[in-house]
Amino acid sequence: MPTMILHCNYEELQALRSGAEAALSDDVPGECAIAAPSRVRSRVQALLPTLVGDLSIATLAEQEACEEAVRAILTCQKSEMDAAVLAAHPAAEIAVAAYFDYAHTRAVLGRLEEMGRHMRALIEVVTGGPASDEIALTFAFPD
């Protein structure tokens, strides 16, 4: 099946993996932990094993699921970054590391959002209307 490729560099993959693990952890307090059995938690769980290289996204529905998971990871990382800044100071090593994880994930989310806009636009050009739930699941994108 044809797919669209979301290119991710090593630092982005590391940030996404550590953020996903934190979001799924029961040991992390506050906004970071995603309660089970939410749809978002299952999307983060599904994304985690794919974080080994570039992401292949075949449908708009897959893009939306990936975007929702990355958005949840980003929320977790912002919470961790805020906590690190308040616990130490803005230039503390832990705060700077938290910022870079957040920033790498934010960069990926930006590219995912752009991919989603392009996918929706292409669907509208081809079908003559906005993407329905069925089209989001079945419309395959060319390589």
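The values are calculated or read from the model by the stated rules, or taken from the named source; none is laboratory data. In this text the structure is predicted, and so the values were computed from the model without any measurement. Every residue, glycine among them, receives a Cβ derived from its backbone with ideal geometry; neighbour counts consider all protein chains shown. Accessible surface areas use protein heavy atoms only, side chains included; no ligands, DNA or RNA. Shrake-Rupley method; radii C 1.70, N 1.55, O 1.52, S 1.80 Å.
Collect the residues in region 37-51 that are farther than 17 Å from residue 106 by Cα and surrounded by 19 or more Cβ atoms within 10 Å (Cβ to Cβ), keeping them in residue-number order.
Of the residues in region 37-51, the ones farther than 17 Å from residue 106 by Cα are 37-43, 45-46, 49-50.
Of everything in region 37-51, just one residue is farther than 17 Å from residue 106 by Cα and surrounded by 19 or more Cβ atoms within 10 Å (Cβ to Cβ), namely 43.
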task: For residues that are crowded, with 18+ Cβ neighbours inside 10 Å and touching a Lys or Arg at 6+ places or on another chain (Cβ under 8 Å), tally how many sit in region 52-73.
output: 5
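Among the listed residues 58, 103, 65, identify the single one that is modelled with pLDDT under 95 and within 16 Å of the chain's Cα centre (by Cα).
Details: 103 fails: modelled with pLDDT under 95; 65 fails: modelled with pLDDT under 95.
58 is the lone residue from the list that is modelled with pLDDT under 95 and within 16 Å of the chain's Cα centre (by Cα).
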message: What's the total number of residues in region 1-31 that are at pLDDT below 90 and over 22 Å from residue 59 (Cβ atoms)?
response: 7
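Quick check on residue 34: is it surrounded by 15 or more Cβ atoms within 10 Å (Cβ to Cβ) and modelled with pLDDT of 95 or more?
On the way: surrounded by 15 or more Cβ atoms within 10 Å (Cβ to Cβ): yes; modelled with pLDDT of 95 or more: no.
For residue 34, the condition - surrounded by 15 or more Cβ atoms within 10 Å (Cβ to Cβ) and modelled with pLDDT of 95 or more - is not met.
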message: Which condition from (1) assigned to a helix (DSSP H, G or I); (2) open to solvent by less than 20 Å² (accessible area, probe 1.4 Å); (3) at pLDDT below 95 is the one that residue 141 breaks?
response: (1)
query: Here are 117, 17: which of them is part of a helix (DSSP H, G or I), in contact (Cβ under 8 Å) with a residue 24 or more places away in the chain and open to solvent by 30 Å² or more (accessible area, probe 1.4 Å)?
result: 17
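Hey, does region 74-96 have a residue that's within 30 Å of residue 130 (Cβ to Cβ), open to solvent by less than 30 Å² (accessible area, probe 1.4 Å) and among the β-branched types (Val, Ile, Thr)?
In the first step, residues of region 74-96 are kept if they are within 30 Å of residue 130 (Cβ to Cβ); the result is 74-75.
With the extra rule that they be open to solvent by less than 30 Å² (accessible area, probe 1.4 Å), the set shrinks to 74.
Going one step further and asking which of them are among the β-branched types (Val, Ile, Thr), we end up with none.
Looking through region 74-96, none of the residues is within 30 Å of residue 130 (Cβ to Cβ), open to solvent by less than 30 Å² (accessible area, probe 1.4 Å) and among the β-branched types (Val, Ile, Thr).
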